[in-house]
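**Q** I have a structure I would like to understand better, so I am pasting it below and will then ask my questions one at a time.
Values quoted throughout were computed directly from the atomic coordinates according to the rules given, and no laboratory measurement underlies them. The model shown is predicted, which means the values in this text are computed figures rather than measured ones. Please note: Cβ atoms are built from the backbone with ideal geometry, for glycine as well, and neighbour counts cover all protein chains shown.
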Amino acid sequence: MTWQVFTVVDLRQELVRAMAAGEASVREVSQRMSVSRQTAYKWSARYKAEGDAGLQDRSRRPVVSPRRTPADMEERVCKLRRLHPAWGGRKLRRRLKDLGVEGVPSPSAITDILARNCLLSADRRIKRDWQRFEAQRPNEMWQMDFKGDFALPTGRCYTLTILDDHSRFNLCLQACADQRGETVKSQLLPVFATHGLPETILVDNGPPWGSGYSRQPHTRFTAWLMRHGVYISHGRPYHPQTRGKDERFHRSLGLEVLQTRSWLDLDEVQLALDPWRNVYNFERPHEALDYAVPAARYVRSPRSLPSRLPPVEYLPTDDVRRVQRNGEISYRGREVRIGKAFTGEPVALRATEEDGTWDVYYCKQRVGRVDLRSSHPHDL
C-alpha cells in the first residue's frame, strides 16, 4: 500500500478551495479542518491576494522595526565599545550622554547592540554581600597599594596605585622597578605637591608600609608619612576587601591595560598607563558614583606639602624618649621595644586612665602601649 502524504500547505489549499466553492459554511469548513474561523479567514485572504504563494510559511519577524536603534547610533555604540572593551551598557550610555549625543538607547538596548555585533564579553561578575564604606569627603582617606607584579624582559613591573576613597579619583599610577620605600617616596612627593596631603592613607600589612608584625606594624616609610602629618591605617590581614576600592581599580587596570599585551620595559608600560588614567578620571563613568566620573567629586586637599618640617612637639605632660638603634627605649627601669621604624626619633609616653599603662605616640599617631604591670613589658 502507498501512503499519501499531505503537507501543511496542502491542507491550507484544501481549506481555501472549500471556502471558495461555497459548499459549506465557514464554520463547518473550520471545524472539519480543525482550525479557528479567524485562521480560515486569514488563509483565504492571503490566497485571494497572492495565490498559492500566499499559503507558504512566513517569518514572524516584523516587516518594519520602529523601535530598533538607528544604524548610525548603533555604530557609535560599537565604536565606543571597541575603544573601551571592558565598559558595559550603563557606562557606555552615560559616556555617550556626557558627549552630548541625543537619543541614546537604554543600557539594555546597548547590551543587545553589543550582542548583535559580537562585542559582548562573556565575563560575569559575582556580587558579594559585604558592607561598603566610603569616606565623607575628598582626601579624608587615600588607598595605596601595588598591583600584582609581572615580568618584563628587563626585570619586573610593580604598578603603584593611589586612589581617593571618597571620589575614586586616581592620584598616582606609576610603573616601578621595585617596592622599596624610597621608590614610593619619590613617587609620593610630586603627588603631595600636586594634590596636597590626605588625612589618612590606608595600606596593607606588607612591605614597604607594613612590617608583617602585628604588635609593631610600622616601617621607616610609614614613620616618614606620620612625620608629614598623615595618619596610617593598616587593613585587616588577609582581608583585601578592606581596600576594596583599590582592589576594584586593580581589576579594571589589569583588564583594560596590563593584560592586553606583552611589554618591553617600564617606559612602554607607563606610556599606556598615562592616557588610561586620564580616561579613568575624566571620561569613564563610575557605577559607585551614580555614573559620574571621579573627577567630578574630587578637589585638591587644603593641606599643602610643607617646604620644611617643623620640629616634633608633644604635650608638656608627656614623657619623651628617643628611640635607640635597636628600636628600644628605656622607661622606668625597663627596656621597651618600640620598633626600628622610629630609630633616632622622639616618641611620647602619655598616661592612660589605667594605672601602670602609657600610650606611645609618634607625632600625632598612637603607635602602641606600654604596660608595666605585665611581667613581659619588653614589647609594646
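**Q** Measure nothing fancy, just the Cα-based angle from helix 89-98's long axis to the longest principal axis of the chain, in degrees from 0 to 90, nearest 10.
**A** Compared with the principal axis, the helix lies near 80 degrees.
**Q** On C-alpha positions alone, give me the angle between the axis of helix 266-282 and the longest principal axis of the chain, in degrees, nearest 10.
**A** 70 degrees
**Q** Continuing with this model, one more query. Provide the net charge surrounding residue 366, with neighbours chosen by a C-beta distance below 9 Å and charges set as Lys +1, Arg +1, Asp -1, Glu -1.
**A** +2
**Q** Give me, ordered by chain and number, the residues 5 or more places off residue 159 or on other chains with an amide H under 5 Å from its own placed amide H.
**A** Amide H to amide H, under 5 Å and 5 or more residues apart or across chains, residue 159 pairs with 147, 176.
**Q** If you build a Gaussian network model of the chain, linking Cα atoms that sit under 10 Å apart, which residue out of 288, 45, 193 swings the most?
**A** With Cα springs under 10 Å in the chain, the top fluctuation among 288, 45, 193 is at 45.
**Q** At 222 nm, what value in deg cm²/dmol follows for the chain if DSSP H runs of at least 4 each add -39500 (n - 2.57) and the sum is divided by all its residues, to the nearest 500? List each step's numbers first, then the result.
**A** Working: 10 runs with 122 residues, N = 380.
Computed mean residue ellipticity for the chain: -10000 deg cm²/dmol.
**Q** Report, in debye and to the nearest 20, how large the dipole of the chain comes out about its Cα centre when Lys and Arg carry +1 and Asp and Glu carry -1 on their Cβ.
**A** 900 debye
**Q** Something else now. In square nanometres, what is one fourth of the surface area of the convex hull spanned by the alpha carbons of the stretch 319-371?
**A** About 3.3 nm², averaged over all directions.
**Q** Mind listing P(r) for the chain? All alpha-carbon pairs, 20 Å bins, whole percents.
**A** With a bin width of 20 Å, the distribution comes to 21, 36, 19, 13, 8, 3, 0.
**Q** What are the extents of the Cα atoms of the stretch 8-55 along their three principal axes, listed from largest to smallest and rounded to whole Å?
**A** For the stretch 8-55, the Cα spread along each principal axis is 25, 19, 17 Å.
**Q** Another one. Measure nothing but the geometry: give the 0 to 90° angle between the long axis through the Cα atoms of 107-116 and the longest principal axis through the Cα atoms of the chain, rounded to 10°.
**A** It is inclined by approximately 70 degrees.
**Q** Based solely on C-alpha atoms, express the radius of gyration and the Dmax of the stretch 71-116 in angstrom.
**A** Cα-based Rg and Dmax for the stretch 71-116 come out at 9.1, 25 Å.
**Q** Let me ask something additional. Taking a 31 Å limit on the Cα-Cα distance, which of the listed pairs 185/364; 147/340; 245/364; 97/185 fall beyond it?
**A** Check vs 31 Å cut-off fails for 97/185.
**Q** Just name one of 209, 166, 275: the one whose Cα is farthest towards the positive end of the charge dipole of the stretch 145-296 (beta-carbon charges, Lys/Arg +1, Asp/Glu -1).
**A** Of the options given, the answer is 209.
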